Amino acid sequence: MASIRTRIRTTFLVLCGCAAFGVLAVAQSEINSSPAAQSTTSAAPAQALSQPVEGVGEGPLPDIIAVMHDVETNQRKAEAIEKNYMYHSVETAQELDSHGRVKKTTVTEADHYFVNGIRVRRVVKKNGKDLSPEDLDHENQRIEKESAKAREKRDKADAAGKPTDSRGEDEITVSRLIELGAFTNARRVQLHGRDTIAVDYVGDPKAKTHSRAEEAIRNLSGTAWIDEQDRMLVRVEGQFVNAFKVGAGLVANIQKGTRFTMEQTKVNDEVWLPASISAQGAARVLLFFNFNGSINAVESDYKKFRATSTVLPGVTQVETPPATDNPARP
């Protein structure tokens, strides 16, 4: 599965849910396979997400379906700008025992940026310690392999005329979301001092689906907050109202009640980027991964880069993307 940022926004309900909790498999499998993996750490969980406040806006609410189509269009424009940015994340995973007590806490720090048009998540620390040279080499090889695979998958999808994200993962359009469920209860809500339009979404368990991602949508319910001025997604809350199973649960199983929350923040007054995400619940993937607990991630240190080191006006910091010993293939 892709990381949190990879699949979180373009399909803003299902991919948020699947990526938010699916990242548990990614983070834990990377940590468990590393020779430098630590069994426990005393690091505190990431900071809590902000809470929206009901507000009073002026004028009638716009048509919610039109708003959702605007979000879809603006998100694609934002992704082109996002390729000029990198940022840092601190991801805290807490695994629970059968009594609901925390039995293991793992903290992973990573940098996120684009290489050759592919979204990359590069782990730099585990449980407060820098990666060893051996682990760093392993991480670079992983990025190289996954980026090459993502590029091939994306090129094949492009040739077939299928909409995908930067890594070739399926995208589901707003029009398709409407066929798989319903948007209701639009209202204005103040979030971080900005007017947003909050709208609820409920999947239709009887809707016909064409992919596993669409099957997941049928099992989701939640709320999305859209910045009214920018028409961009700024917050999502959701949960699986039914267990999401692949292969009758033998291949994968996300437990009923698994829930997630995601927020974005506006950076340099030009683009909305991930700010925080939280997920709680249980998931199992084949015999390789079995997790019950929570994950919290906080993104920060947004930096804009170009091929040169020319300072751009209005930008806090300008850097080139970090080099790797084994750069991703073009």
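In plain terms, if you count all Cα to Cα distances in the range 199-272 and split them into 5 Å steps from zero, the share in each step is 3, 15, 20, 20, 15, 12, 9, 5, 2, 0 percent.
Quote the FRET efficiency, to the nearest 0.05, computed for residue 81 versus residue 158 with a Förster distance R0 of 25 Å and r equal to the Cβ-Cβ distance. Walk me through the numbers on the way to the answer.
Working: r = 21 Å, r/R0 = 0.82.
Given R0 = 25 Å and the Cβ-Cβ separation, E is 0.75.
Taking θ as phi - 60° and the Karplus parameters 6.51, -1.76 and 1.60, the scalar couplings of the range 149-162 work out to 5, 5, 5, 5, 5, 5, 4, 5, 5, 4, 5, 8, x, 8 Hz in sequence order, x denoting glycine and proline.
For the cross-link pairs 83/104; 126/156; 153/206; 125/303; 126/256; 83/149, which exceed 23 Å when the distance is taken from alpha carbon to alpha carbon?
Numbers: 83/104 35 Å; 126/156 35 Å; 153/206 30 Å; 125/303 19 Å; 126/256 30 Å; 83/149 19 Å.
Violating the 23 Å Cα-Cα cut-off are 83/104; 126/156; 153/206; 126/256.
Put in line by how crowded their Cβ is, counting other Cβ atoms within 10 Å and starting with the fewest, 135, 269, 130 read 269, 130, 135.
Relative contact order, whole percent, for the range 202-277 stands at 21, derived from Cα pairs under 8 Å and 6 or more residues apart.
The largest-to-smallest principal axis extents of the Cα set in the range 91-240 are 52, 47, 37 Å.
What is the extension gain from residue 61 to residue 268, computed as 0.36 nm multiplied by their sequence separation minus the C-alpha to C-alpha distance, in nm to one decimal? Let's see the in-between values first.
Working: separation 207, 0.36 × 207 = 74.52 nm, distance 2.80 nm.
In short, 71.7 nm is gained.
The fewest-to-most ranking of 184, 105 by surrounding Cβ atoms within 10 Å reads 184, 105. Here each label is just a point 7 Å from Cα along the line to Cβ, and for residue 192 and residue 130 those points are 3.1 nm apart. Ranking of 220, 136 by neighbouring Cβ atoms within 10 Å, starting from the fewest: 136, 220. Applying 1/(1 + (r/R0)^6) with R0 = 30 Å to the Cβ-Cβ distance of residue 69 and residue 300 gives a FRET efficiency near 0.45.
Read-outs: derived from the displayed coordinates by stated rules, not from any lab. All of these numbers come straight from a predicted model, not from anything done at the bench. Using ideal geometry, Cβ is built from the backbone for each residue, glycine included, and neighbour counts are taken over all protein chains shown.
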